[in-house]
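Chemist: Following this message is one structure expressed as structure tokens.
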Amino acid sequence: MSFNDQPNQLSDFLLELYHDVSEFGPDELRRRVLRNLQDIVPFDFAVWGGGLADGRLVTDLTVLDQSPAVLGEWESVAERDAFCDITLGNLGTTARFDDVPNYRADMAYNEHWRRFGASQMMATIVSEQSDGYVSFVGLCAADRHWKFTEDQRAFKQMLMPHLSQAMRVNRELWGQGDTLEHEAVALVGNDGTILSVQGPFRDLAQNAWGGRVASIPREAMASLRRAGRWEGDTVRARMSPFGSKYFVHLSVVSVLTRLSRRESQVAELFASGLSGKQVARELGTAPSTVRNQIVRIYEKLGVSNKAALASLISRDQS
């Protein structure tokens, strides 16, 4: 299939992907996404996981329609796998078995991949963090008589940043027990018209721009086009391209971002019930300094008393 053959199907796929990051744990999320992807790109089994690039150590793994041994046993040939060499050497670029000359004569292919029936594969590895962690998605075909097309390769490469981003958010959410109640995503047209939404997008958009929002305001859209982001007092937005359209992500801006680091500490301690002197003692500073900081906090947050400050912070953190 070509990129523009089924735009509605692709849009629905990505919207469901971003919705599911808060609904399912990492392993179940990956299985759901791979199942949905199988409806768009034909493959027989798939692997999705991550680990450290150094040492080629797989630390978390989801396998669809295959034994986990497909990568559990791969470690015995990992250092000699030319296909891994080419994917690690070109992070973010989707490679196929056929990109490696004579790969089917390679020891790693014959001693490992062929045993699991992987006659064809296309895989993408992306670097997710500065600590050397990488994630990868490999789609495998068991019938050697067909191979993944260039259109399918291009589609998978386009999709990989979304898969990586969704997985990062999912791990953070399920690792910390947070939710996505204050985040949402929409597919928008080139002119900013909102085509479809997931999550409380319209509520967040109303908080950001007022009224019933049918399209992203021109000024905000210009900022998103120019810098990829826009930020208001209560909501921030970022935008990523999707063909001739865009995905716009909205998230709530914490009121504490208006404060300096020390002012945030003072605000949270003061709002928790401590007196100004107790806050000063806790932070090892003078009471007069804390009094001045509280005045600035009130001004920045638009409140006039401790009760209002506590209520504002409570709503912000709920």
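The values are calculated or read from the model by the stated rules, or taken from the named source; none is laboratory data. Note that the coordinates shown come from a computational prediction; the quantities given were computed from them, not determined experimentally. Heads up, the Cβs are rebuilt from the backbone with ideal geometry, glycines too, and the neighbour counts pull from every protein chain shown.
Chemist: From 286, 267, 227, which residue is on the phi < 0 side of the Ramachandran plot and crowded, with 18+ Cβ neighbours inside 10 Å?
Modeler: None of the other options fit; the residue is 267.
Chemist: Looking at the range 101-123 only, could you name the residues that are hydroxyl-bearing (Ser, Thr, Tyr), farther than 15 Å from residue 45 by Cα and surrounded by fewer than 21 Cβ atoms within 10 Å (Cβ to Cβ)?
Modeler: Within the range 101-123, just 103 meets the criteria.
Chemist: Kindly evaluate residue 262 against the criterion of being more than 30 Å from residue 284 (Cβ to Cβ) and of a type in the set (Lys, Arg).
Modeler: Criteria not met by residue 262.
Chemist: Moving on. Kindly provide the set of residues from the range 243-299 that are of a type in the set (A, V, I, L, M) and either over 30 Å from residue 207 (Cβ atoms) or in a loop (DSSP other than H, G, I, E, B) (or both), ordered by number.
Modeler: Of everything in the range 243-299, those that are of a type in the set (A, V, I, L, M) and either over 30 Å from residue 207 (Cβ atoms) or in a loop (DSSP other than H, G, I, E, B) (or both) turn out to be 253, 259, 274, 279, 280, 283, 286, 290.
Chemist: Also, quick follow-up: Condition check: more than 15 Å from residue 121 (Cα to Cα), within 19 Å of the chain's Cα centre (by Cα) and among the hydrophobic types (A, V, I, L, M, F, W, C). Does residue 47 satisfy that?
Modeler: When the stated conditions are applied, residue 47 does not pass them.
Chemist: Related question: Do you know which of the residues in the range 47-90 that are in a strand (DSSP E or B) and small (Gly, Ala, Ser) is farthest from residue 26 (Cα to Cα)?
Modeler: 51
Chemist: Still on this model: Taking the options 232, 273, name whichever one is free of Cβ contacts under 8 Å to residues at least 60 places away in the same chain and assigned by TED's automatic domain parsing to the domain that holds residue 308.
Modeler: That would be 273, the only listed residue that is free of Cβ contacts under 8 Å to residues at least 60 places away in the same chain and assigned by TED's automatic domain parsing to the domain that holds residue 308.
Chemist: Which condition number does residue 33 fail, the rest of (1) assigned to a helix (DSSP H, G or I); (2) over 23 Å from the mean Cα position of the chain (by Cα); (3) modelled with pLDDT of 90 or more being met?
Modeler: All conditions are met except number (2).
Chemist: Pick from 70, 58, 47: which is among the hydrophobic types (A, V, I, L, M, F, W, C), modelled with pLDDT of 90 or more and either under 18 Å from residue 108 (Cα atoms) or assigned by TED's automatic domain parsing to the domain that holds residue 160 (or both)?
Modeler: 47
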